[in-house]
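Just so it is clear, none of the values below were taken in a lab; they were calculated from the coordinates. Since the model is a prediction, treat every value here as computed from it, not as a measurement. Positions of Cβ are backbone-derived with ideal geometry, glycine not excepted, and every protein chain shown enters the neighbour counts.
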Amino acid sequence: MEGKGRGKLLLVEDEAVLRRLIAEFLRGEGFDVLEAADGSQGATLYAGHLPFDLVLLDLNLPYLSGVDVCRRIKALRPQQPVLICSAAILDWHVAALHDLRVDQFLIKPFHPLDLLERIGREMARPVTSRDEILGAGIGPSKSPADGGHRPRSLAAGPVQAASGGLR
């Protein structure tokens, strides 16, 4: 199904129902969405269909972790914007992703409108802005561009977004 021209997204999410709901919602909002059910498929789809305006990436994936998928994506296109959408974002994830110049995190569960707002914000943000934030030594949890969606370790307890969101 072809989108209405708002942008081309790669959605890498192993939970089938959630992936379908997110993809259908985003297509309804005019995005062209390619779906991957695991990390390996995500890396393969990315390499075969790039460029993407944005990659939506879960971290806890079968076959290839989200961090490893991100490494492969950034090896092909270092400036590729990536939005991490995950329930479990640990400190080591943040450190590894910071090294890959990924500083945007949306913690599950989230409301579909929050996702849409974050996609719009990330797609509007110039690549140089991302590089300046990361190059200045501002970590992902301190970045002014994160809109208050700060990653947290599971040791700090689960982080919950607005009720009624996507899980």
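What the Cβ-Cβ distance of Arg77 and Ala124 gives, at R0 = 22 Å and to the nearest 0.05, is a FRET efficiency of 0.75. Working from label points 7 Å from Cα in the Cα-to-Cβ sense, the His111 to Lys8 distance is 3.2 nm. With contacts taken as Cα pairs under 8 Å and at least 6 residues apart, region 1-65 reaches a relative contact order of 42 percent. Taking amide H as placed 1.01 Å from N in the peptide plane, the amide H of Leu61 sits under 5 Å from that of Gly66, each at least 5 places away or on another chain. Each semi-axis of the equivalent ellipsoid for region 1-58 is √(5λ) with λ an eigenvalue of the Cα gyration tensor; in descending order they amount to 17, 14, 7 Å. For region 91-105, 3J(HN,Hα) computed residue by residue from phi via the Karplus equation (6.51, -1.76, 1.60; θ = phi - 60°) reads 4, 5, 4, 4, 5, 5, 6, 4, 4, 8, 6, 10, 10, 10, 9 Hz, glycine and proline entered as x. Taking amide H as placed 1.01 Å from N in the peptide plane, Gly7 has its amide H under 5 Å from the amide H of Asp32, each at least 5 places away in sequence or on another chain. The simple spin-label model puts a point 7 Å past each Cα toward its Cβ; for Leu90 and Thr44 those points are separated by 2.7 nm.
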